Amino acid sequence: MSGPPRFHPRRFRPRADVPRLIAHRGLSAEAPENTLPAFEAAAAAGFTWVEFDVMLSADGVAMVIHDESLKRTTGAKGRVSETAAADLQRLDAGSWFGSQFVGARIPTLAETLAALTRLGLGANVEIKPAKGHEEETGETVAAQLAADWPKSLPPPVVSSFSEAALRAAHSTHPAHDYAPLFERIPDDWAARMQAVGATALHCNAKRLTKRRAEEVTQSGAAVRCYTVNEAAQSATLYSQGVSTLFCDRRPD
Ligand code: G3P
Ligand code: MG
């Protein structure tokens, strides 16, 4: 961006209960990402919130997994969106990470909500649609969270890189707390936040400039960054007004 930062009047009012650190995909440096052991490890390490990714199975069940392909975290062939939930749940999503995690499963969103309740963890639910499934994933996740989000927990933050998924989620249930996700914050970030009633945006720490951080935070919006595991980087980001960092482990 060239020239001075655009002026955005202070018009976003983010909530104050989102913590400074959120365990990314659960505590994913210590346990296999997006599994119940990763959420348990986050709680055991003192985290109060976790982030996780939700994608639909072939039969429309909301599953907690990051990649469209099953290869990296289960070793299986195929794609999440082409595999039925019952078959996904037969896969071992733990042993790629370490032998002590053999048998960890790809959890459903429903199982994850039960685990969050048990562990007392808040969450950022990232809608991660498989390509071509943006609207249905947004609608399904928004509806399920509206129906089943545990009353004992703070309301979730619902984010997505997919504008289509986020808009579909917002149309389904406008009351969720939405946050657009950006690799690099675009010039029209404010309009994209307003389209889903967001008060925060999430972005890649590596692509955030001091100037852009200033511009967004001046508007009152919260900036939350992924993925930060180093203390020096976290200090810089906090000093630029970033309020929350997603980390695989506590930054050191
Ligand atoms: O939601 C923050 C972060 O998880 C976004 O990137 O690829 O790890 O889902 P990714
Ligand atoms: Mg994510």
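The table that follows gives values for the structure above.
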{"read-out": "Largest-first ordering by accessible area, 1.4 Å probe, given options Asp92, Asp187", "value": "Asp187, Asp92"}
{"read-out": "29 Å Cα-Cα threshold exceeded, pairs from Lys71/Lys206; Lys128/Lys206; Lys131/Lys206; Lys77/Lys151", "value": "Lys77/Lys151"}
{"read-out": "Cβ-derived FRET efficiency at R0 25 Å, Arg11 paired with Ser152, nearest 0.05", "value": "0.20"}
{"read-out": "Heavy-atom accessible area per residue - segment 125-196, 1.4 Å, Å²", "value": "42"}
{"read-out": "Full-stretch length increase - Ala143, Ala58 - with 0.36 nm per residue and alpha-carbon distance subtracted", "value": "28.8 nm"}
{"read-out": "By accessible area with a 1.4 Å probe, ligands and nucleic acids excluded, highest first: order of Trp49, Trp149", "value": "Trp149, Trp49"}
{"read-out": "Shape category assigned to segment 105-252 from the gyration tensor of Cα positions, a/c cut at 1.5", "value": "oblate"}
{"read-out": "Calculated FRET efficiency for the pair Arg250/Thr117, C-beta based, R₀ 30 Å, to 0.05", "value": "0.80"}
{"read-out": "Tilt relative to the chain, helix 109-119 - C-alpha long axis, 0 to 90 degrees, to 10", "value": "80"}
{"read-out": "Estimated 222 nm signal from helices in the chain, with DSSP H stretches of n ≥ 4 weighted -39500 (n - 2.57), rounded to 500", "value": "-8500 deg cm²/dmol"}
{"read-out": "Restricting segment 159-222 to chymotrypsin sites (Phe, Trp or Tyr not before Pro) in coil, as DSSP defines it, with at most 16 other Cβ within 10 Å", "value": "Phe161"}
{"read-out": "Rounded to 10°, Cα long-axis angle of helix 163-172 versus longest principal axis of the chain", "value": "80"}
{"read-out": "All-pairs alpha carbon distance profile, the chain, 5 Å steps from 0, percent", "value": "1, 7, 14, 18, 20, 17, 13, 7, 3, 1, 0"}
{"read-out": "Two-site FRET efficiency, Ser99 against Glu136, from Cβ-Cβ distance with R₀ of 45 Å, rounded to 0.05", "value": "0.75"}
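The values are calculated or read from the model by the stated rules, or taken from the named source; none is laboratory data. Source: prediction; values computed, not measured. In this analysis, Cβ positions are derived from the backbone assuming ideal geometry, glycine residues included, and neighbour counts consider all displayed protein chains. Note: accessible area is taken over every heavy atom of the protein model, side chains too, but ligands, DNA and RNA are not part of it. Shrake-Rupley method; radii C 1.70, N 1.55, O 1.52, S 1.80 Å.
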